[in-house]
């Protein structure tokens, strides 16, 4: 009797091809990082370690720190704003309410990132919608600086990340066993107690997954900090762009890319350990 192949083997082919292409691209970047930069030319020189010693400057440390802070803030505020929407999306009793929330949550995904960024520039500008509305309401007299600040960058990044966060949280909330909530209510727990002591813990895997996904995505954000930040708020991807396409220092841009990838993977590894510790503590409790 002939042994049949596992049915999932053909489905692994695309993933293997993508992995091979990604590994080849990363090897090419790694190779460039050890080559000498020739000023005024796109050609590179011979082997050198100078590119790695150049990274030892405070400006690059501050850029990495800003990248971590902005990524963490984006993931945190996306989580806080998306959870109520996801909860209403899953628990709403009327179909038209759920349909409306789905449309509002997913529609931004069909709009290009550049288009959304320029829209935020019009909203957050000195004479934009926010400042004009606050002036008309008499809240402020002079325009508030939102553009070209970290606050403006985080606002735009949160709006971009919320659709993904809402989808992940809605999936986790939909898997919650409603009988657990009913049992807690029958034992005398108030709705707030049921939410914080039962619903939130049961959706913790989705919360952590959404936080990690948004954090990792924000680590590589480029167009939003580039346009909203206006060169005053730099993330690691913007510095890579400046070195590679403004100064044409491709070897040093390759070094920064490797460091950014290592920082992102290290952050995800730390978050994974933190997630496992929380899950174990929840299981013990």
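Read-outs throughout are calculated quantities, based only on the coordinates presented, and are distinct from any laboratory measurement. What you are looking at is a predicted structure, and each value in this text was computed from that prediction instead of being measured. Because the Cβ atoms are built from the backbone with ideal geometry, glycine has one as well, and the counts that use them run over all protein chains shown.
Fewest-first ordering of 133, 219, 121 by other beta carbons within 10 Å of each residue's beta carbon gives 133, 121, 219. Taking 37 °C and 0.692 mPa s as conditions, the chain diffuses translationally at an estimated 147 µm²/s according to Stokes-Einstein applied to its Kirkwood radius (Cα pairs).
Length gain on complete extension for the stretch residue 57 to residue 16, per 0.36 nm per residue less the alpha carbon to alpha carbon distance?
Once the chain is fully extended between residue 57 and residue 16, it gains 10.9 nm.
Highest mobility in the GNM of the chain, judged by mean-square fluctuation with C-alpha springs under 10 Å and restricted to 163, 205, 191, is found for 191.
Between helix 9-33 and the chain, what is the angle of the helix's C-alpha long axis to the longest principal axis, kept within 0 to 90° and rounded to the nearest 10? Helix 9-33 sits roughly 40 degrees off the main axis of the chain.
Taking 0.36 nm per residue of separation and subtracting the current Cα-Cα distance, fully stretching the chain between residue 97 and residue 48 would add 11.5 nm. The relative contact order of the range 1-153, computed from alpha carbon pairs under 8 Å that lie at least 6 residues apart in sequence, is 9 percent.
Estimated from the Cβ-Cβ distance and a Förster radius of 45 angstrom, the FRET efficiency linking residue 142 and residue 9 is about 0.10. Out of 246, 257, 41, any idea which swings most in a Gaussian network model of the chain, alpha carbons joined below 10 Å? So, out of 246, 257, 41, the one fluctuating most is 41. Helix 204-219 versus the longest principal axis of the chain: what angle, 0 to 90°, nearest 10, using Cα atoms? Orientation of helix 204-219: about 20 degrees from the principal axis. The shape of the range 71-150 can be summarised by an equivalent ellipsoid whose semi-axes, obtained from the alpha carbon gyration tensor, come to 29, 16, 14 Å from longest to shortest. Shape class of the range 112-209 from the Cα gyration tensor (axes a ≥ b ≥ c, square roots of the eigenvalues): prolate, since a/c reaches 1.5 or more and a/b is larger than b/c.
Comparing 157, 122, 227 in a Gaussian network model of the chain, where Cα atoms under 10 Å apart are tied by springs, the biggest mean-square fluctuation is seen for 122.
Does anyone have the angle between helix 113-124 and the longest principal axis of the chain? Alpha-carbon axes, 0 to 90°, nearest 10? For helix 113-124, the angle is close to 80 degrees. For the chain, calculate the relative contact order in percent as a whole number, restricting contacts to Cα pairs under 8 Å that are 6 or more residues apart. So the answer I get is 27 percent.
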